[in-house]
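First up is the structure itself, then whatever we jot down about it.
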Amino acid sequence: MNTGHVQDFIVSLFGNADIHPAILAVLTNCVSFGLLVVVFAGIKLALVPKVKQLVANFSQAKISFLAPQLSKLSGRVALLICSILFVIIHKHMFIAPDWVMIQLKVAAQVILIIAFGFLVSSFINIAHAIYQQQKFAKDVPIKGIVQVTKLVIFIITGVLVVSTMVDKSPTYILSGFGAIAAVTLLVFKDTILGLVASIQIAANRLVATGDWIQVDTFGADGEVIDLGLNTVRVRNWDNTVTTIPTYALISDSFKNWRAMQESPGRRIKRAIAIDMHSVVLLDGQQLTDYKNKFTGLSTMCLPEQCSNLTLYRKYAEWVLKQRVEINTLCTCMVRELSPTQHGLPVEFYCFSKDKSWVNYEHLQADILDQMLVLMAEFELRPYQVISSQSQ
């Protein structure tokens with residue numbers, strides 16, 4: 001048996017009373033354990049407000065996003081301190097046989113190593129959370145690198161735990177890794193590939209959280225909601241979620257719409273097939289009538305002989321440039337494409353200022369509707385395959 005100061009204190013409280021050794025041992029151990037619990041709770045409850053106050057002194061910004069991480073940090077610091085106290089003064093607090101005390105000391109050392117590993121992990125999580133609040137964090141995601149760093153820390157922690165339990169040097173444990181290197185590489189193949197991909201993605205700014213990407217190989221078309229070490233999660237526009245291996249973004253091709261979202265406009269490119277039998281040459285009087293009817297034509301320099309299709313193209317282009325939704329700093333034109341067996345395609349090419357999907361589609365439909373109706377004013381007919389259904 002080991003006698004400690006806690007036992008002496010308890011004996012002094014009972015004075016000359018005769019206490020059975022077993023009862024005294026149980027009482028001493030309970031009091032000692034209770035003291036450790038009090039120390040743990042005191043540190044945990046007192047540390048968070050102090051850390052918040054310290055952070056507030058350096059930054060007036062809100063730190064509510066750090067609350068979960070600070071709560072974990074306080075618990076891990078308290079566990080670490082209690083483990084250190086137990087390792088140092090366990091002989092002066094608890095009563096047990098020597099072999100039990102040795103096992104308790106080993107258990108405390110294991111808890112100490114694990115608590116330290118999780119404490120370092122908490123600091124990394126806090127640093128990552130602070131980094132995520134920066135403006136450039138979206139363009140340079142480091143979640144994959146953070147996950148690899150934490151993985152290395154946990155591997156080191158595991159090696160130290162095993163070496164403590166078997167009472168061997170960590171180098172002895174590491175020497176056995178050579179025999180299972182091939183298995184280790186096989187098990188962590190995706191992790192290694194993900195690490196390389198994460199570094200390339202962060203360095204080249206290929207993908208960021210919130211980007212709209214399209215990966216046809218995996219049927220993904222939507223917004224990136226999570227960019228991890230092993231997987232990238234994409235919320236598709238039908239609200240399903242597609243999981244893609246991170247390294248697939250490096251090994252395969254994909255489309256990122258970020259450049260479009262950051263550009264001055266989103267392209268509208270639609271064509272209407274014209275029935276070529278409706279294209280006619282206009283005489284002088286008809287040309288004058290069209291100029292009088294449409295204000296935009298009266299200000300244009302038109303050839304003496306032109307077709308109704310020429311007037312339609314020029315007037316349609318003028319109409320597009322008058323719309324406030326169109327960015328006239330970008331290319332805006334109406335052009336003819338190569339004739340086909342389905343008519344002569346007339347394409348409307350311009351850029352919408354509003355790049356949001358719904359507004360963009362509405363504008364595109366409005367322009368097409370307007371151009372279809374406008375064709376009748378120039379006595380043009382759209383080409384349409386006649387249905388065999390009886391009227």
Can you tell me how many residues in the range 19-48 are at pLDDT 75 or above and among the small types (Gly, Ala, Ser)? 3
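Modelled with pLDDT of 80 or more, surrounded by fewer than 17 Cβ atoms within 10 Å (Cβ to Cβ) and in a helix (DSSP H, G or I): does that describe Val87? Before the answer, list the steps.
Details: modelled with pLDDT of 80 or more: no; surrounded by fewer than 17 Cβ atoms within 10 Å (Cβ to Cβ): yes; in a helix (DSSP H, G or I): yes.
No, not satisfied.
Quick grid of which residues meet (1) part of a helix (DSSP H, G or I); (2) hydroxyl-bearing (Ser, Thr, Tyr); (3) surrounded by fewer than 18 Cβ atoms within 10 Å (Cβ to Cβ); (4) in the same structural domain as Ala203 (by TED's automatic domain parsing):
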residue	(1), (2), (3), (4)
Gln103	yes, no, yes, no
Ala107	yes, no, yes, no
Leu151	yes, no, yes, yes
Phe154	yes, no, yes, yes
Gly158	yes, no, yes, yes
Ser163	yes, yes, yes, yes
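Within the range 304-317, identify whether any single residue is closer than 29 Å to Arg258 by Cα and not assigned by TED's automatic domain parsing to the domain that holds Gly222, and answer yes or no.
yes
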What number goes with the only condition from (1) modelled with pLDDT under 75; (2) part of a helix (DSSP H, G or I) that Leu79 does not pass? (1)
Taking the range 212-239 and the residues there that are crowded, with 20+ Cβ neighbours inside 10 Å and touching a helix residue (DSSP H, G or I) at 6+ places or on another chain (Cβ under 7 Å), the one that is modelled with the highest pLDDT would be Val232
Return yes when Val207 is within 30 Å of Leu372 (Cα to Cα), in contact with a helix residue (DSSP H, G or I) (Cβ under 6 Å, 6 or more places away or on another chain) and of a type in the set (A, V, I, L, M, F, W, C) and no when it is not. no
Residue check for Leu281: in contact with a Lys or Arg (Cβ under 6 Å, 6 or more places away or on another chain) and assigned by TED's automatic domain parsing to the domain that holds Asn327: no
Listed by range, helices (runs of 4 or more DSSP H) wholly within the range 281-391 having at least 1 residues that are within 40 Å of the chain's Cα centre (by Cα) and modelled with pLDDT under 95 are 308-322, 357-377
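This table checks each residue for (1) among the polar types (S, T, N, Q); (2) free of Cβ contacts under 8 Å to residues at least 60 places away in the same chain.
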position: Thr328; (1), (2): yes, yes
position: Gln341; (1), (2): yes, yes
position: Leu344; (1), (2): no, no
position: Tyr349; (1), (2): no, no
position: Ala365; (1), (2): no, yes
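Yes/no per residue for (1) touching a strand residue (DSSP E or B) at 6+ places or on another chain (Cβ under 8 Å); (2) more than 30 Å from Met260 (Cβ to Cβ):
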{"residue": "Asp283", "(1), (2)": "no, yes"}
{"residue": "Gln286", "(1), (2)": "no, yes"}
{"residue": "Thr299", "(1), (2)": "no, yes"}
{"residue": "Leu329", "(1), (2)": "no, no"}
{"residue": "Phe348", "(1), (2)": "yes, no"}
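The values are calculated or read from the model by the stated rules, or taken from the named source; none is laboratory data. All values reported here derive from a predicted model rather than from experimental measurement. Here the Cβ is made from the backbone with ideal geometry for all residues, glycine too, and neighbour counts use every protein chain on show.
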